[in-house]
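Bear in mind that the values in this text are calculations on the coordinates, not laboratory data. Owing to the predicted nature of the structure, the values given are computational and were not obtained by experimental measurement. With ideal geometry, Cβ positions are generated from the backbone for all residues, glycine too; neighbour counts draw on all protein chains shown.
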2 protein chains.
Amino acid sequence: MTAPHRGSRDTKQGAAIEAALAGTAEFRTAQDLHAQLRDGGVRVGLTTVYRHLQRLFDAGDVDTVRTPSGELAYRRCGGMAHHHHLVCQHCGHTVDVEGPAVESWLQRVAQQAGFSDIVHTIDIIGTCADCKRG
Amino acid sequence: MTAPHRGSRDTKQGAAIEAALAGTAEFRTAQDLHAQLRDGGVRVGLTTVYRHLQRLFDAGDVDTVRTPSGELAYRRCGGMAHHHHLVCQHCGHTVDVEGPAVESWLQRVAQQAGFSDIVHTIDIIGTCADCKRG
DNA sequence: ATGGGTGCAAATAATTTGCAGGTAA
DNA sequence: TTACCTGCAAATTATTTGCACCCAT
């Protein structure tokens, strides 16, 4: 049944937040999710929404991107491997991209420079086809 | 002489901000630029830095991206050939790396997704050989 | 002189944290 | 009962705006 997560209790709030995320494939902001839950009759605090999203992110269950206006948006991560995002700076439309080639390049240059314990971020921003046209 | 921009006066502050941007090919945050200018002896307010960056962006003279921590970073458009940095999180040691392979990969995935006017940032952070030993 | 430029301080806004009290196990 | 969870309110941080004053033209 409701088997939410190892190491965390099973609360209405947590279940509601995970359900809300499970219900869509889109990126949602914390504020957005909070408003939706409230409107749906779930009594939950904004703080709790932030905390659950943070926990889900740490557990690798959700991805995040920055919206053009600077907010952090979350989306459930269908167990997909590590990947990056192409973000349209005009409409915020995002496309997932995987880059085995890039990952191995990163490992190679890091190794050549004598670096270890590498972490990296790649931000790719541009104009999507729709916005180019419009 | 100092021919700054159509429609704007020629002030020390404006010139200093444009000079600071012209001096690097990297993305810089407003806070960052402000601190650098202050340290360099330029008396300028944070507000003014933000206003000039905004104006330069509106004029199409600079690009912007969001840093992972959510701040807006600005970079002058059309600069020299760029490169990325490997940064040691312990001692701050930095190594420049160029990646023709990565650049072309970026172009390819962007094109496949129908994106244009691509800009990107790649941050690579790890532990350098010296710190690994120590 | 005069209107745009400047910058301090206050206003926004997203997100985080302190803390008192609730609740799952 | 005992932690962990919740959520209000206050704190933080990046950015914007109000407004009185200054300076390039």
Describe numerically, in nm with one decimal, the distance between label points set 7 Å from Cα along Cα→Cβ at B:SER104 and at B:ASP39.
-> 3.8 nm
So what is the calculated 222 nm ellipticity per residue for chain B, using -39500 (n - 2.57) for each DSSP H run with n of 4 or more, over all residues, to the nearest 500 deg cm²/dmol?
-> -11500 deg cm²/dmol
With Rh as the Kirkwood radius over Cα pairs, region A:23-85 has Rg/Rh of 0.97
Most fluctuating residue of A:ASP61, A:ASP117, A:ASP32 in a GNM of chain A with Cα springs under 10 Å: which is it?
-> A:ASP117
State the answer as a single residue: which of A:LEU86, A:THR64, A:GLY23 lies farthest towards the positive end of the charge dipole of chain A, with beta carbon charges of +1 for Lys and Arg and -1 for Asp and Glu, about the Cα centre.
-> A:GLY23
Compute the long axis of helix B:30-39 from its Cα atoms, compare it with the longest principal axis of the Cα atoms of chain B, and write down the angle in degrees, 0 to 90, nearest 10.
-> 70 degrees
Hull volume in cubic angstrom per residue (convex hull over the Cα atoms of chain B) = 151 Å³
With r as the distance between the Cβ atoms of A:SER116 and A:GLN54 and R0 = 22 Å, compute the FRET efficiency 1/(1 + (r/R0)^6) and round to 0.05.
-> 0.20
Isotropically averaged projected area of region A:65-134, using the convex hull of Cα atoms (one quarter of hull area), nm² | 6.1 nm²
Unit charges on C-beta of K, R, D, E only; dipole of region B:45-120, Debye | 180 debye
On average over all directions, what projected area in square nanometres does the protein assembly as shown have, based on the convex hull of its Cα atoms?
-> 19.1 nm²
Only Lys, Arg (+1) and Asp, Glu (-1) charged, at Cβ; chain A dipole about Cα centre in debye = 360 debye
Given label points at 7 Å from Cα along Cα→Cβ, what nm distances, shortest first, separate B:GLN107 from the same residue in every other copy?
-> 2.6
In nm, one decimal, shortest first: how far is the label point of B:GLU71 (7 Å from Cα along Cα to beta carbon) from the matching points in the other copies?
-> 2.3
DSSP loop GluC sites (Glu not before Pro) in region B:70-134 with at most 16 other Cβ atoms within 10 Å of their Cβ, which ones?
-> B:GLU71, B:GLU98
Can you tell me the relative contact order of chain A? Whole percent, Cα pairs under 8 Å, sequence separation 6 or more.
-> 18 percent
Calculate the dipole size of the protein assembly as shown relative to its Cα centre from +1 charges on Lys and Arg beta carbons and -1 charges on Asp and Glu beta carbons; express the result in debye to the nearest 20.
-> 680 debye
Comparing B:GLN107, B:GLN31, B:GLN54 in a Gaussian network model of chain B (Cα, 10 Å), the one with the largest mean-square fluctuation is B:GLN107
Longest segment of chain A with no trypsin sites (Lys or Arg not before Pro) in a DSSP loop having at most 10 other Cβ atoms within 10 Å?
-> A:44-134
If you put a point 7 Å past Cα along the Cβ direction, how far is that point for B:ASP123 from the same point in each other copy, in nm, smallest first?
-> 0.8
